[in-house]
Amino acid sequence: MNYLLGVDIGTSATKTVLFDEECHVVTEASAEYPLYQPQNGWAEQNPKDWSAAAASTIREVLAKAQINPAHVKGVGLSGQMHGLVMLDEKNEVIRPSIIWCDQRTAAECAEITAKIGRERLIEITANPALTGFTASKILWVRNHEPENYRRCRHILLPKDYVRFCMTGDYATEVSDASGMQLLDVPKRQWSDEILAKLDIDKALLPKVYESPEATGHISAEFAQLTGLSTDCVVAGGAGDNAAAAVGTGVVEDGKAFTTIGTSGVVFAHTSEPRIDPQGRVHTFCCAVPGCWHVMGVTQAAGLSLKWFRENLAEHMDYNAINEAINSVPRGSRRLLYLPYLMGERTPHLDPDCRGTFFGLSAMHKRADMLRAVMEGVSYSLRDCWDILKAMDVKVTDMMACGGGSKSPIWRQMLADMYNCPVKTGSEAGGPALGVAILAGVAAGIFTDVPSACRKYISTTAVCQPEADAHEYYERGHQLYQKLYQQLKDCYQELSLL
């Protein structure tokens, strides 16, 4: 029996899962590490924490499974995107990694837009300049820490630093590289035009691979550290959402998934590079060679329900919440919630908008407010869905994943709002399974990504849309959209109080 490893380098922890060659989970392990916030709005981590966590969890799963390590044929890497890792000439980490949620680079985003032009930037990188992306972080170090920038010889993303520790190779792949804002996303290669206009030396960047390609083998040093064989290949892997797409089988046209985690994501596969000229959604290369994905993001999805529970329903667990709202009719008795606790990304790109309950009256109970929160998040995800449809991204098959997908009521809301069946898969799915499949292709165990997904990823439940519910939510969504337009200027005034 052959085995594959999926290593997911998250923000709070690294999770390593050992799969057999039929994609069954054998065992798993995780290791946590800290997040540092030296100033308000800053977020940093120590890259050595990621590599140590990867090594320790690999040792742990091999020990638990009690298998011959030589039978592990491939490793796939996933994880947080956009983080900046800088190495000097001795391959030592120069400074802590500035990670995806860091917000210090507003001035650098303006600098990027001024140097390239907003329209041209979107044409090449498929996205406007955003504080979370890597390019603005590179410019921030150059502007504020010039000595560190002068010492830099290699720039890597978080999972690709772990790859370097595993193999000694400087490599990335197209899905994660898409989030750096230095890649020509339609052409799937570094953009010489962007690099020239930003005066960034191309030699600093790693080689770009497709996600299921082998980028190297486990080094003798890492083999000694973990027990893996030096014959084990390391696949390109994927950024977290692209990896989750493979792990849920969203690897062909017509397929999409909705994630309700802390944030919410509507992610659709496309065989053509479709770009929103307004920059409301992300278009990245996906983990299937020659294909892309389009992704809308709502900032406070599961976070909205978590916030309500922690502050207004402390004694209720999520099962109790689902039971409580069972008796609440759709529409929450004419109560609407706008889930803008953290501003918004899609479709408004508005950092000033804030959460709102509209229609609150003395008749409303806590259960009504809880259902309104779920419906408001679902309306926000419907906003993302509408933009994808306007871009001619056709979806006939929707998967649900993330913590919110465990709620059958929430899944039914999505099915009714999308007017599309919403499915769930096994809990073993997700980024770790996705990159294990990529590793299986790199190791020659699987022929390609789509055929492996068709064979090994199954559906466990389906919510069918209900016609009367869809009709109601169509009207509700129109009012929901109108509320933002009416409140937009008020939100800006509020931010200045």
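The values are calculated or read from the model by the stated rules, or taken from the named source; none is laboratory data. Predicted model, so just to flag it, every value in this text is computed and none were measured. Glycine gets a Cβ as well: all are built from the backbone with ideal geometry, and neighbour counts include every protein chain shown.
Yes or no: D350 closer than 25 Å to A400 by Cα and of a type in the set (D, E, K, R)? Taking the combined requirement at face value, the residue does not satisfy it. Taking region 286-394 and the strands (runs of 3 or more DSSP E) fully enclosed by it, the elements with 2 or more residues that are touching a Cys at 6+ places or on another chain (Cβ under 8 Å) and not acidic (D, E) are at 292-298. Pairs needed: first member in region 476-488, closer than 20 Å to R333 by Cβ and assigned by TED's automatic domain parsing to the domain that holds H348; second member anywhere, basic (K, R) and part of a helix (DSSP H, G or I); C-beta distance under 6 Å; at least 6 residues apart or different chains. Pairs that qualify, where the first residue is closer than 20 Å to R333 by Cβ and assigned by TED's automatic domain parsing to the domain that holds H348 and the partner is basic (K, R) and part of a helix (DSSP H, G or I), are H477/R382.
A quick yes/no check of all residues on (1) among the hydroxyl-bearing types (S, T, Y); (2) closer than 16 Å to D160 by Cα; (3) not assigned by TED's automatic domain parsing to the domain that holds H154:
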residue: Q181; (1), (2), (3): no, no, no
residue: D184; (1), (2), (3): no, no, no
residue: I194; (1), (2), (3): no, no, no
residue: L205; (1), (2), (3): no, yes, no
residue: Y209; (1), (2), (3): yes, yes, no
residue: E213; (1), (2), (3): no, yes, no
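Taken together, K64, K90 contain a single residue that is more than 23 Å from the chain's Cα centre (by Cα), assigned to a loop (DSSP other than H, G, I, E, B) and modelled with pLDDT of 95 or more, which is K90. Among residues of region 193-216 that are closer than 24 Å to G444 by Cα, those with a beta-carbon under 6 Å from a residue that is acidic (D, E) at least six positions away or on a different chain give the pairs Y209/E173; S211/E173; T215/D169; G216/D169. Based on what the data block shows, is G41 within 22 Å of R151 (Cα to Cα), among the small types (G, A, S) and out of contact with any Gly (no Cβ under 6 Å at 6 or more places or on another chain)? The answer is no for G41. Just so you know, in region 121-152 the residues that are out of contact with any helix residue (DSSP H, G or I) (no Cβ under 7 Å at 6 or more places or on another chain) and among the basic types (K, R) include one that is nearest to I98 (Cα to Cα), and it is K137.
What tally of residues in region 380-404 results from selecting those that are hydroxyl-bearing (S, T, Y) and crowded, with 24+ Cβ neighbours inside 10 Å?
We begin by selecting, within region 380-404, every residue hydroxyl-bearing (S, T, Y); these are 380, 396.
This time we only want the ones that are crowded, with 24+ Cβ neighbours inside 10 Å, so: 380.
So the answer is 1.
The sole residue among A432, A439, A461, A415 that is under 25 Å from the mean Cα position of the chain (by Cα), over 29 Å from D8 (Cα atoms) and touching a residue at least 40 places away in the same chain (Cβ under 8 Å) is A415.
One residue alone among T27, T57 is of a type in the set (S, T, Y) and out of contact with any helix residue (DSSP H, G or I) (no Cβ under 7 Å at 6 or more places or on another chain), and that residue is T57.
The lone criterion from (1) touching an Asp or Glu at 6+ places or on another chain (Cβ under 7 Å); (2) modelled with pLDDT of 95 or more; (3) assigned to a loop (DSSP other than H, G, I, E, B) left unmet by T16 is number (3). Scanning region 39-50 for residues that are within 20 Å of the chain's Cα centre (by Cα) and outside any loop (DSSP other than H, G, I, E, B) yields a count of 4.
In region 242-264, which residues are within 22 Å of M374 (Cα to Cα) and surrounded by fewer than 24 Cβ atoms within 10 Å (Cβ to Cβ)? Walk me through how you get there before you give the answer.
Of region 242-264, the ones within 22 Å of M374 (Cα to Cα) are 256-264.
If the condition is that a residue be within 22 Å of M374 (Cα to Cα) and surrounded by fewer than 24 Cβ atoms within 10 Å (Cβ to Cβ), then G261, T262, S263 are the ones that fit.
Of all residues in region 419-437, those satisfying the criterion of being farther than 14 Å from L5 by Cα and surrounded by fewer than 24 Cβ atoms within 10 Å (Cβ to Cβ) are N419, C420, P421, K423, T424, G425, S426, E427. Residues in region 442-455 that are surrounded by 22 or more Cβ atoms within 10 Å (Cβ to Cβ) and touching a residue at least 12 places away in the same chain (Cβ under 8 Å): A442, A443, V449, A452, C453. For region 239-275, give me each residue that is of a type in the set (D, E) and touching a His at 6+ places or on another chain (Cβ under 9 Å). Selection gives E252, D253.
Quick check, is A135 more than 21 Å from G290 (Cα to Cα), surrounded by 20 or more Cβ atoms within 10 Å (Cβ to Cβ) and assigned by TED's automatic domain parsing to the domain that holds G76? Don't jump to the end; show me each part of the working.
Working: more than 21 Å from G290 (Cα to Cα): yes; surrounded by 20 or more Cβ atoms within 10 Å (Cβ to Cβ): yes; assigned by TED's automatic domain parsing to the domain that holds G76: yes.
Judged against the criteria, A135 is a match.
Among the residues making up region 242-287, those that are closer than 21 Å to D448 by Cα and small (G, A, S) are A242, A243, A244, A245, G247, G249, G254, A256, A268, S271, A287. The set of residues in region 19-38 being in a strand (DSSP E or B) and of a type in the set (F, W, Y) consists of F19, Y36. Residues that are within 22 Å of the chain's Cα centre (by Cα), surrounded by 20 or more Cβ atoms within 10 Å (Cβ to Cβ) and at pLDDT below 95 do occur in region 219-241, at least one of them.
Of the residues examined, I437 is not one that is of a type outside the set (F, W, Y) and within 28 Å of P329 (Cα to Cα). From the list M391, M399, the lone residue that is over 17 Å from the mean Cα position of the chain (by Cα) and on the phi < 0 side of the Ramachandran plot is M391. One residue stands out in region 263-285 among those that are under 14 Å from the mean Cα position of the chain (by Cα) and assigned to a loop (DSSP other than H, G, I, E, B): the one that is modelled with the lowest pLDDT, namely S263.
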